[in-house]
1. At 222 nm, what value in deg cm²/dmol follows for the chain if DSSP H runs of at least 4 each add -39500 (n - 2.57) and the sum is divided by all its residues, to the nearest 500?
2. Note down, for region 5-46, the three equivalent ellipsoid semi-axes (square root of 5 times each alpha carbon gyration tensor eigenvalue), biggest first, whole angstrom.
3. Quick check for me: using +1 on Lys/Arg Cβ and -1 on Asp/Glu Cβ, what's the dipole size of region 168-299 about its Cα centre, in debye to the nearest 20?
4. What is the fewest-to-most order of Lys214, Lys335 by other Cβ atoms lying within 10 Å of their Cβ?
5. Tell me the angle of helix 50-60 to the major Cα principal axis of the chain, expressed in degrees between 0 and 90 and rounded to the nearest ten.
6. Please report, in Å, the Rg and the Dmax of the chain, where both are computed over Cα atoms only.
7. By its C-alpha gyration tensor, with a ≥ b ≥ c as the square roots of the eigenvalues, how is region 79-176 shaped: rounded for a/c under 1.5, else prolate for a/b larger than b/c, else oblate?
8. About the Cα centre, and with charges only on the beta carbon of Lys, Arg (+1) and Asp, Glu (-1), how big is the dipole of region 280-324? Nearest 20 debye, please.
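All of the numbers you see were taken from the coordinates with simple rules; none came from a lab. Everything numeric in this text was worked out from a predicted model, so none of it was measured. Here Cβ is always computed from backbone atoms with ideal geometry, including for glycine, and neighbour counts include all displayed protein chains.
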Amino acid sequence: MAITIKKIAEICNISRGTVDRVLNNRGKVKPETEVFIRKIAEQMGYEPNPAGKALAAKKKKLVIGVLLVSEGNPFFDEVIRGIRATGIEYVAYGVRVSIKTMCGYDVRRQCELMDEMKSEVNALIINPISDIRVCNKINELVDHGIFVVTVNTDIANSKRACFVGSDYTNGGETACGIMGLLMKGHAKVGVVTGSFKVSGHNQRIAGFKKIMEKKYPEFQLLEIMESEDDDIRAFEVTTKLLQKYEEMDAVFIVAGGVYGVCRALIGQAREQKITVVSFDSAPTTVEMMKRHVVDVTIYQHPYTQGRDAMQVVFAYLVNGTTPKKERHILKNEIKVLENL
């Protein structure tokens, strides 16, 4: 038998109107009362009527904002595709998706875009730059009533509801483990990271160093350079690494800029002499694997990241369901040419 609002009201000994307001997000109710009602509803297996949910959502004219540092980074093409595909499923509920993108890790610009979206959205999906100003801005949005989910990279000490992405530390550990096997425990490694302003990139480097110190004492980390996840910048910094360190025989690409790194290796005729471990399988990365420039890449499921972030936001906005987990982690997956 379907569990109704009336039945929940009887069991809770609370008015039907109060239960209706809680389960349909239609008004303010004392926090302790709301928690009690939602707990009983969950225990009873209450499911809102789909038609009713769609009608209620249409009346609210819900807007999901998306703000990504993605321009010039092909990884995010798949994240955006996952967001758009999932957004189409929610059209019947009157939910609209508004996507804004930016190039480079400009803190002021990210804060400006959040300000622009503040009065326009009910929820925000964002890959935040790791800066106290961005953290404060996220907290400001949450205090304003906007539901915030971080995707792909997280930010510490913010009021965001949850994070959807990969385990960055484990990604770095995995990359070092792979390189250790490929290089038989001896390597002189150049590192090209995206940005020191991104906590996830720093966590990957920390994970790499942890395994290097633990298992591969013969590894030598030559230098870490930033590419800003931009292929042109990646080409330039890799060329500098190659010119500075003739002994370099391995490159760890922490984030974007894979194509630029590989073009530099090819340009210096070093592509067959240097082992490369990267992340993800953008078309240009696949091309470089086919040319045997990239040896192994670690896949972090970008489409699923976009899809899952949207599902968390939709569940909250339409069903009033808060995330059951603070971190929705997708498993890092090792890819070689044969299993792309």
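1. My calculation for the chain gives -15000 deg cm²/dmol from helical runs alone.
2. Ellipsoid semi-axes (Å, largest first): 14, 11, 9.
3. Charge dipole of region 168-299: 280 debye, to the nearest 20.
4. Details: Lys214 10, Lys335 20.
Ranked by crowding around the Cβ, least crowded first: Lys214, Lys335.
5. Value to nearest ten degrees: 80.
6. In Å, with Rg to one decimal and Dmax whole: 23.3, 77.
7. Details: a/c = 1.78, a/b = 1.19, b/c = 1.50.
Because a/c hits 1.5 or more and a/b fails to exceed b/c, region 79-176 counts as oblate.
8. Values: 4 positive and 4 negative charges, 21 e Å.
It comes to approximately 100 debye.
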